Amino acid sequence: MPTLLPFRGLIADPSTAGALIEGLAVGLDVLLSARALVRDDRPVLYRYIGSAQIGGRERERRGFVALLPVDAPITVVAPPDEALGSATLAASGVATALPVVTYDDPEGRGAECFERLESEPPRLDVTTVDGVRHRLWSLDDPAAQAWLLAPLMERRLHLVCGRAELEAQRAYGRASRARSPHPRAASDATPVLVVAEQDPGLAVERPHLLVAPGIGCKAIEARISALGREPFDVRENFYVTAREVERALHFGAGSVSFAVVAAPATRFFLLSLRRDTPVPGPQALKGDDAHVLAALLIERLGVPADALSPVRDLGSALEAVRQERASAAILLNPISLGEAKKAVAAGHTLPGGPLSLRPALPAALVAHRLDPDEPM
């Protein structure tokens, strides 16, 4: 059985794509009957490029969407997370979430395969409210598909994001398998976004942390000032917008660094670990922001572990501090995919800490009906 397969995906109509991929507000059957979702008439691999400004520079996520058979070998490095598309899946039998898998592509075969395709206008080009531009092309040439997928028969795929989503889709497929008349059905495979590990534009975002409102913000600021003596260098900033914080984090990205915003969010502090500071724990994690946060910073801020809660979005973290729903927010840099895999392999995650790739991937960009009555 091939590791990955082309398929007849459900694609948003360009005129409705922006509203659709912001969130499925109506039933999928309604969208299909209104042709807001259109199904391709032959198997396709979908080239995807997502681009956005992150940390003061342009980043792109490049990959392609394919089907992953339920029995395809895959190494799971993603920590447990929330199945974001489970409600839509249960109601409709359509998988709208795209778990992310990576593969080793030292030859650049993927980029070579899609180079000519990207010179043509995309079939879908939409910018969502988070500022991410999403473009999609269709590779429908069977010979080109086979050339791209052939090496992946011998290479291990790694699941890096969307573990719960993949498990939910596979569970739905298994539950419907008994009523299928086919040896292989469409319900025996799930859609995934496939990304080369060598992609230089890929950023992995771990959750930021909110400090419970019962912790004194003035005490946190006083402890941050004391950190300026050791083991962190501390820089104070007075323009507290999401863009300014991202720029500051990017400025400190050559070292282990964090931003801390305390209520009422009139200023923030950039904390950079001094290079000669000893860090307890495994050698492989001594340069990992999340490990240093747990090993050196949390205790020095006087924040107990049960006073921390994760939040995925930087803007939401800042808003929580401004509204005093949190005493402070501890904000982390995006990291490379290689660094994320190393951290997860070493067993290190933040509290409630699923990884997410940036630029963010929306739901319903390419959907797949898990239909037991359709042969695969």
| How much FRET efficiency would the formula 1/(1 + (r/R0)^6) give for residue 154 and residue 267, where r is the Cβ-Cβ distance and R0 is 51 Å, rounded to 0.05? | 0.45
| message | Using the crude model of +1 on Lys and Arg Cβ and -1 on Asp and Glu Cβ, and no other charge, please compute the dipole size for region 207-334 relative to its Cα centre, in debye to 20. | response | 180 debye
| note | In nm, the gap between the two label points placed 7 Å beyond Cα toward Cβ at residue 218 and residue 322 is 2.4 nm
| query | What order, most packed first, do the peptides 60-70, 37-47 have when packing is the mean number of other Cβ atoms within 10 Å of each residue? | reply | 60-70, 37-47
| field | Approximate spin-label separation residue 111-residue 13, in nm, with each point projected 7 Å along Cα-to-Cβ | value | 3.8 nm
| Given the Cα-Cα distance of residue 76 and residue 299 and 0.36 nm per residue of separation, how much length would full extension add, in nm? | 77.1 nm
| message | Sort 235-248, 257-270 by the packing proxy (mean of other Cβ within 10 Å over each peptide's residues), most packed first. | response | 257-270, 235-248
| note | Per-residue Cβ contact counts at 10 Å, fewest first, order 279, 303 as 279, 303
| query | Between residue 174 and residue 58, 0.36 nm times their residue separation minus their Cα-Cα distance comes to what? | reply | 37.7 nm
| said: Starting from the 7 Å offset along Cα-to-Cβ, what nm value, one decimal, do you get for the label separation of residue 339 and residue 313? | reply: 2.4 nm
| Segment residue 127-residue 239, extension gain: residue separation times 0.36 nm, minus the distance between their alpha carbons | 37.6 nm
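A short reminder: the numbers here are calculations on the coordinates, not readings from a lab. Owing to the predicted nature of the structure, the values given are computational and were not obtained by experimental measurement. Note that we place each Cβ from the backbone using ideal geometry, even for glycine, and neighbour counts take in every protein chain shown.
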